[in-house]
Amino acid sequence: MKRMNNTRYPFYFIAAGLISLLLGLLCGLLAGFQYVIPEFIKETLPFNALRPLHTLSVVSWVLLTAIGGVYYYLGQNNSGNSRYQNLIKTHFWIFMLTGFSITLSYLFKNFAGKEYLEFPSYFYFPIVLGWILFGINYFKTLAASFKSWPVYYWMWATGIVLMIYHFTEAHLWLLPYFKEHFVQNVALQWKAGGSYVGSWNMLVYGTAIYVMTKIGNDDRYAKSGKAFFFYFLGLTNLMFGWAHHVYIVPTAPWIRYLAYGISMTEWIILVSIIYDWKKNLSKDSKTEFTLAYQFMRLADFWVFLNIILALLISIPAINLFTHGTHITVAHSMGTTIGINTLILLSSVTYILESNSGLIAVKRVKIGIRIFNISFLLFWISLLLMGVKKAYWIYFNQALTFGKFQESMHWFYSLFVLFGFGILAGLYLIVFELLKNIKKQLSQSLV
C-alpha cells in the first residue's frame, strides 16, 4: 500500500500558491475588461467582487509559496522538522478551507472588512491560528541552532512573528476607540497594511538570500556583518516605512519626516545583496540552476526600476499628485509581480532543479520572455495613466469624470492587452511548474 512522504505538504503549499497566481491573473484580467467594456459580466462578477478576489488570490500566491518554500528548506536542513508534520498538515488545511470560505463570501458580496481585507472579521481567527502553527513549527525546529542562525533564518522568524502582530493590528478597527476616531482609524489601517506587507517581504527576501546562497554554494554572506546590517535596515523599513502612505492624513509631522528618511533606503538592501551574489557566482552554478538564476536576475531588474519609482513617490510634493492614481498601482504591481513573484518563481524552480531537474525548460524560457516584455509595457501604461489622472485632478477639473473616462479608453485597452500578455507568459510558466510538481509528488509515493 502506498503512503504519503513527509515532503509532500510543502509541495502542496507551493502548488496551491501557483494555482492562486493563475486565479489572481484571471480575476485581474476580467477586472481590466470592465474598464474597457463596463457591462462585461457586470451582473455575475462586478468590479467590486473581482478586485478583492484578485487581491486575495495574489496575496495567497505570495504567502502560500513563501510558506511552502520555508517548510521545504527547513525539511532539507533540519531532520527534526519531520516530527512536526501534523502541524504542517493542519496549517495547510486551515489555510485552504479559510481561503475557500473567503472566496465564497466575496462571490456572495459579503464585504464586511477593510480595504484589502474585505472579508468578514471572524476569518481573522483561523488565519492567525495558521500563522501561530507555522511559528511553533519554525521555532521548535530551529531552537537548538539559535545562536548560529544565518540571516535568512532571522528574516523568516521576523516575518512570522510580525505577520501575526500586524495582522492583529489590522483588525483593531473593530474596537470602539478606533471606530469612533476617524483619523486614527485611517492611519492605523494604512500603518498595519504597510507593515504586514513588510512582514511577508521578510519571508520573500529571506527566501531570495537562501536560494542565492544555495545556488552559489557559499553560506558566508548569509552570516556576514553586511548581511545583518541590511537585515536591520529592512526591519527598520518594516516598522516605520509604512508612514509614507499617510502623508495626506493629519498625523504628527515627525511621522512624515521619519517616513521620508527611511523610505529613501527602500530596496537598496536587495540591490546590494543580488549585486554581490551575481558578481561572485560561478558559471557552473548559473548552468546548473539556469531558470532559478534567470528569475533572480529579472527580479534584480525590477528592484532597480521600483527603487526609482519608490524614491520619487516618497517625496511629499510628488506624493500629493501620485497618491490614489495608477502610479500607486504601478508601484504595488512592480513590487508584487516584478519582485516578489520573480523571487518566488526562482525559489520554486530552484527546488525543482535541485531535485530531478525540470522538463520543458524551453517552454518556461519562452514564457519568461513573453511575461517580461508584457509586464514592462503594462507597468509603463500604468505610469502614463497615473500621470493623466493626476493632471485631470489638479489641472483640468473642468472636464467631467465621464469625459475623462472616455479619454482613457485607449489606455485601458492597452492595459488589458499587456495584461493578457502577462497572463499568457505566466500561465505558460506556471503550468510547466505544476507538471513538474506533480512529477515530484508521484515520485514521493513509496
Give me the number: length gained by fully extending ILE41 to LYS109, i.e. 0.36 nm times residue separation minus the C-alpha to C-alpha distance, one decimal in nm.
23.0 nm
Inter-site label distance for THR290 and LEU441 at 7 Å from Cα along Cβ, in nm:
2.7
Full-extension gain in nm, TYR165 to SER332, via 0.36 nm per residue minus C-alpha separation
57.9 nm
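Going from most exposed to least, what order do LYS388, LYS191 have by accessible area with a 1.4 Å probe? Provide the component values of the computation, followed by the final result.
Values: LYS388 70, LYS191 35 Å².
Of LYS388, LYS191, the descending order of accessible area is LYS388, LYS191.
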Just to verify a number: FRET efficiency for LEU399 and ILE318, C-beta to C-beta distance, R0 = 30 Å, to 0.05?
0.85
Provide ARG220, ARG369, ARG363 ordered by accessible surface of protein heavy atoms (probe 1.4 Å), highest first.
ARG220, ARG369, ARG363
Checking rank on 96-107, 57-68, with mean other Cβ inside 10 Å and highest first, the result is 57-68, 96-107
Show that you can apply the helix-only estimate: for the chain, add -39,500 (n - 2.57) for every DSSP H stretch of four or more residues, divide by all residues, and state [θ] at 222 nm to the nearest 500.
-25500 deg cm²/dmol
Quick one: which of 9-21, 203-215 comes out on top by average Cβ neighbours within 10 Å, and what's the full order, highest first?
203-215, 9-21
Full-extension gain in nm, TYR122 to ASP219, via 0.36 nm per residue minus C-alpha separation
30.7 nm
Round to a whole number: what % of the accessible area of region 22-145 belongs to carbon and sulfur, probe 1.4 Å?
67
Sort out for me the Cα centre separation of region 153-196 from region 409-438, rounded to whole Å.
32
Kirkwood Rh and Cα Rg combined as Rg/Rh, region 279-435:
1.08
With a ≥ b ≥ c the root eigenvalues of the C-alpha gyration tensor of the chain, is it rounded (a/c under 1.5), prolate (a/b larger than b/c) or oblate?
rounded
The longest stretch of the chain containing none of the GluC sites (Glu not before Pro) that sit in a DSSP loop with at most 15 other Cβ atoms within 10 Å is 116-446
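The values are calculated or read from the model by the stated rules, or taken from the named source; none is laboratory data. Note that this is a predicted model, so its numbers are computed, not measured. All Cβ positions, even for glycine, are placed from backbone atoms using ideal geometry, and neighbour counts span all protein chains on display. Heads up: the accessible areas ignore ligands, DNA and RNA and are worked out on the full protein's heavy atoms, side chains in. Shrake-Rupley method; radii C 1.70, N 1.55, O 1.52, S 1.80 Å.
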